[in-house]
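Undergrad: Mind looking over this structure? Questions follow.
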Amino acid sequence: MPITLGPTKAGPALYLLGRIELQGLSEDSTHRLLTQSKVVALLACLALSPSGAFTRRDRLAGLLWPELDQAHARTALRKAVHLARTILGDEAIVSRGDEDLSLAATVLWCDAVDLRSSIDRGLLGRVVDLYQGPLMPGFFLPECAEFDNWLEDERASLREGAVAACWAMAQHLESAHDKTLATKYAKQMTRLDKSNERLLRRAMQMLDRLGDRGGALAVYTEFARGLKKELDIEPSQESQRMAEDIRAGRPLT
């Protein structure tokens, strides 16, 4: 049965993995929200808070408006919350007293939240399918260093979860003697983290065990090409030796 990668019922959906996209609303409403970068950042912060947790207004104000004093930052936060509620509905952002905010998952579905929940529930295939790329790619808030650090941490956490799920799927399928799908997930793992040579070598070893030496060399070549393009460096000698051993038909140690 195919996996449905959107909300299970009608309503707005926020996609943050590999893109920033809002579906389920009118074109005008979508444009009004997505052109307000601080509102998008606010929704991301609330969505990626621990499940059921509230976030302090002072925390959000400091993350998103560090250049303002506290009074003006909180005013800016109130305006952002008001805009989000105007577009998504009054129940989208929940208040607890005067100081805490939370995003109502029943009102706004988010792929990154679904991915994290799927990791916790052990739904490995869904994790891999949901991970369409880095969290909020290219998103940047000027003069918001603390937010940038938060975003990098969240990106790393979600990427690591997807990589772990992909590798677990590959191992399970190898044990189940499903060579075709095992090789698929082993290859996909190297594309989720394009600078991690430990993952590259792990995938090469599995592909070699499964008899797909051509696939092992292909993922090495793709990885090396990306490394050269992005960082202008070559793979480590250990990775190069492994590729040479595969080309020569020597057993990997």
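The values are calculated or read from the model by the stated rules, or taken from the named source; none is laboratory data. Note that the coordinates shown come from a computational prediction; the quantities given were computed from them, not determined experimentally. Cβ atoms come from the backbone with ideal geometry, glycine included; neighbour counts cover every protein chain shown.
Undergrad: Restricting to helices (runs of 4 or more DSSP H) lying wholly in the stretch 5-94: which have 1 or more residues that are in contact with a Phe, Trp or Tyr (Cβ under 9 Å, 6 or more places away or on another chain)?
TA: 37-47, 57-64, 70-88
Undergrad: When you look at Gly97, is it more than 28 Å from Leu25 (Cβ to Cβ) and touching a residue at least 12 places away in the same chain (Cβ under 8 Å), yes or no?
TA: On the way: more than 28 Å from Leu25 (Cβ to Cβ): yes; touching a residue at least 12 places away in the same chain (Cβ under 8 Å): no.
Considered against the rule, which asks whether it is more than 28 Å from Leu25 (Cβ to Cβ) and touching a residue at least 12 places away in the same chain (Cβ under 8 Å), Gly97 comes out as no.
Undergrad: In the list Ala44, Ala61, which residue meets the criterion of being without any contact (Cβ under 8 Å) to a residue 24 or more places away in the chain, in the same structural domain as Thr30 (by TED's automatic domain parsing) and crowded, with 16+ Cβ neighbours inside 10 Å? Don't jump to the end; show me each part of the working.
TA: Numbers: Ala44 fails: without any contact (Cβ under 8 Å) to a residue 24 or more places away in the chain.
So the residue among Ala44, Ala61 that is without any contact (Cβ under 8 Å) to a residue 24 or more places away in the chain, in the same structural domain as Thr30 (by TED's automatic domain parsing) and crowded, with 16+ Cβ neighbours inside 10 Å is Ala61.
Undergrad: OK, next. Here is a list: Ala73, Ala104, Ala92. Which entry is within 28 Å of the chain's Cα centre (by Cα) and buried (at least 16 other Cβ atoms within 10 Å of the Cβ)?
TA: Working: Ala73 fails: within 28 Å of the chain's Cα centre (by Cα); Ala104 fails: buried (at least 16 other Cβ atoms within 10 Å of the Cβ).
Result of the check over Ala73, Ala104, Ala92: Ala92.
Undergrad: Here is a follow-up. When the stretch 200-209 is examined, which residues are found to be crowded, with 18+ Cβ neighbours inside 10 Å and over 19 Å from Val163 (Cβ atoms)? Please lay out each step first, then the result.
TA: Applying the first criterion (crowded, with 18+ Cβ neighbours inside 10 Å) to the stretch 200-209 yields 200-201, 203-204, 206-208.
Correct list: Asp208 only.
Undergrad: Another question about this same structure. For the condition more than 18 Å from the chain's Cα centre (by Cα), farther than 21 Å from Ala47 by Cα, of a type in the set (D, E, K, R) and part of a helix (DSSP H, G or I), what is the one hit in Arg191, Arg198? Full working, then the answer.
TA: Details: Arg191 fails: more than 18 Å from the chain's Cα centre (by Cα).
Arg198 is the lone residue from the list that is more than 18 Å from the chain's Cα centre (by Cα), farther than 21 Å from Ala47 by Cα, of a type in the set (D, E, K, R) and part of a helix (DSSP H, G or I).
Undergrad: Only one of Arg209, Arg155, Arg198 is out of contact with any strand residue (DSSP E or B) (no Cβ under 8 Å at 6 or more places or on another chain) and either among the polar types (S, T, N, Q) or within 29 Å of Asp114 (Cβ to Cβ) (or both); which?
TA: On the way: Arg209 fails: either among the polar types (S, T, N, Q) or within 29 Å of Asp114 (Cβ to Cβ) (or both); Arg155 fails: out of contact with any strand residue (DSSP E or B) (no Cβ under 8 Å at 6 or more places or on another chain).
Matching residue, one of Arg209, Arg155, Arg198: Arg198.
Undergrad: Of Asp129, Asp114, which residue is touching a Pro at 6+ places or on another chain (Cβ under 9 Å), outside any loop (DSSP other than H, G, I, E, B) and surrounded by 13 or more Cβ atoms within 10 Å (Cβ to Cβ)? Break it down stepwise before answering.
TA: Working: Asp129 fails: touching a Pro at 6+ places or on another chain (Cβ under 9 Å).
The conditions single out Asp114.
Undergrad: Moving on. It is to be established whether one or more residues within the stretch 240-248 are hydrophobic (A, V, I, L, M, F, W, C) and free of Cβ contacts under 8 Å to residues at least 12 places away in the same chain.
TA: Here is the first cut: in the stretch 240-248, the ones hydrophobic (A, V, I, L, M, F, W, C) are 242-243, 246, 248.
Restricting the remaining residues to those that are free of Cβ contacts under 8 Å to residues at least 12 places away in the same chain gives 248.
Yes, there is a match, as at least one residue in the stretch 240-248 is hydrophobic (A, V, I, L, M, F, W, C) and free of Cβ contacts under 8 Å to residues at least 12 places away in the same chain.
Undergrad: Another question, then. Do we find that Gly215 is crowded, with 16+ Cβ neighbours inside 10 Å and either of a type in the set (A, V, I, L, M, F, W, C) or assigned to a helix (DSSP H, G or I) (or both) in this structure? So that I can check it myself, show each step before the final result.
TA: Details: crowded, with 16+ Cβ neighbours inside 10 Å: yes; either of a type in the set (A, V, I, L, M, F, W, C) or assigned to a helix (DSSP H, G or I) (or both): yes.
It is true that Gly215 is crowded, with 16+ Cβ neighbours inside 10 Å and either of a type in the set (A, V, I, L, M, F, W, C) or assigned to a helix (DSSP H, G or I) (or both).
Undergrad: Is it fair to say Thr183 is of a type in the set (Val, Ile, Thr) and either in a helix (DSSP H, G or I) or within 30 Å of Ala44 (Cβ to Cβ) (or both)? Don't jump to the end; show me each part of the working.
TA: Working: of a type in the set (Val, Ile, Thr): yes; either in a helix (DSSP H, G or I) or within 30 Å of Ala44 (Cβ to Cβ) (or both): yes.
It is true that Thr183 is of a type in the set (Val, Ile, Thr) and either in a helix (DSSP H, G or I) or within 30 Å of Ala44 (Cβ to Cβ) (or both).
Undergrad: Working only within the stretch 218-244, note down all residues that are surrounded by 15 or more Cβ atoms within 10 Å (Cβ to Cβ) and among the polar types (S, T, N, Q).
TA: Ser239
Undergrad: So which residues in the stretch 153-179 are crowded, with 18+ Cβ neighbours inside 10 Å, within 18 Å of the chain's Cα centre (by Cα) and either acidic (Asp, Glu) or at pLDDT below 95 (or both), if there are any at all?
TA: Passing the criteria: only Glu154.
Undergrad: Please find, among Thr190, Thr183, Thr253, the residue that is buried (at least 16 other Cβ atoms within 10 Å of the Cβ) and at pLDDT below 95.
TA: Numbers: Thr183 fails: at pLDDT below 95; Thr253 fails: buried (at least 16 other Cβ atoms within 10 Å of the Cβ).
On inspection, the qualifying residue turns out to be Thr190.
Undergrad: Please go through (1) at pLDDT 95 or above; (2) touching a helix residue (DSSP H, G or I) at 6+ places or on another chain (Cβ under 9 Å); (3) of a type outside the set (Gly, Ala, Ser) for Arg241 and return the number of the only condition it doesn't satisfy.
TA: Condition not satisfied by Arg241: (2).
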